[in-house]
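FYI, it's all coordinate maths here, none of it is from the lab. Keep in mind it's a predicted model, so treat the numbers as computed, not measured. Methodologically, a virtual Cβ is constructed for each residue, glycine included, from the backbone with ideal geometry; neighbour enumeration extends over all protein chains shown.
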Amino acid sequence: MKLAIALAALLLASPATAAPSESDLRTKLCAGLEQEVSLPNGTRADCMTDRLAIEVDWTHKWAEAIGQAMLYSAATEKLPGIILICKVRDDQCQKHEYLINEAVAYWKLPITVWLCGLNDEALSACSRRDY
């Protein structure tokens, strides 16, 4: 019995079974970009290009991501960008993609959105949409 409990604890603690954190994914997806940029308004953009101030978040937090990206945009005078990472079922991610498309189209926001999966190794592997 003790051996079974020890084995279960070892398997649960194994890094191979742990899902990547948002921070780990940001580091991977924003490779080559400026990361964790402190802004004059006290916020911090997850990553930036010469033209975009980008928020990285989970797809289910799409609405919050829009607000943060717009705030980064205002602080930097760059266009807003969002990298959304799907960590749930595909149908849930499709629902979140639909909702962000509706909101962005309705408000005519000049925003770039990438939709990424947990296994995407680079931003170029994600689906990109410029509005």
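Measuring from a point 7 Å past the Cα of Thr49 along Cα-to-C-beta, which residues in the stretch 102-131 have an amide N at less than 14 Å? From the stretch 102-131, the list is 111-115, 123-131. Roughly how many nanometres apart are two label points built 7 Å out from the Cα toward the Cβ at Ser38 and Tyr106? Simple spin-label model gives 3.8 nm for this pair. Is the shape of the stretch 53-112 rounded, prolate or oblate, going by the alpha carbon gyration tensor and its root eigenvalues a ≥ b ≥ c, with a/c under 1.5 for rounded and a/b larger than b/c for prolate? It comes out oblate by the Cα gyration axes.
Using the Cα centre of the stretch 68-131 as the reference point, and only Cβ charges (+1 on K/R, -1 on D/E), how large is the resulting charge dipole? Debye, rounded to the nearest 20.
Numbers: 7 positive and 8 negative charges, 25 e Å.
About 120 debye.
Sorted from longest to shortest, the spans of the Cα atoms of the stretch 13-80 along the three principal axes equal 43, 26, 19 Å.
Taking 7 Å steps out from each Cα toward its Cβ at Asp91 and Arg128 produces label points 3.2 nm apart. Rounded to two decimals, the Cα radius of gyration of the stretch 32-131 over 2.2 N^0.38 Å is 1.01. Measuring nothing but how far apart in sequence close Cα pairs (under 8 Å, 6+ apart) lie, relative to its length, the chain scores a relative contact order of 19 percent.
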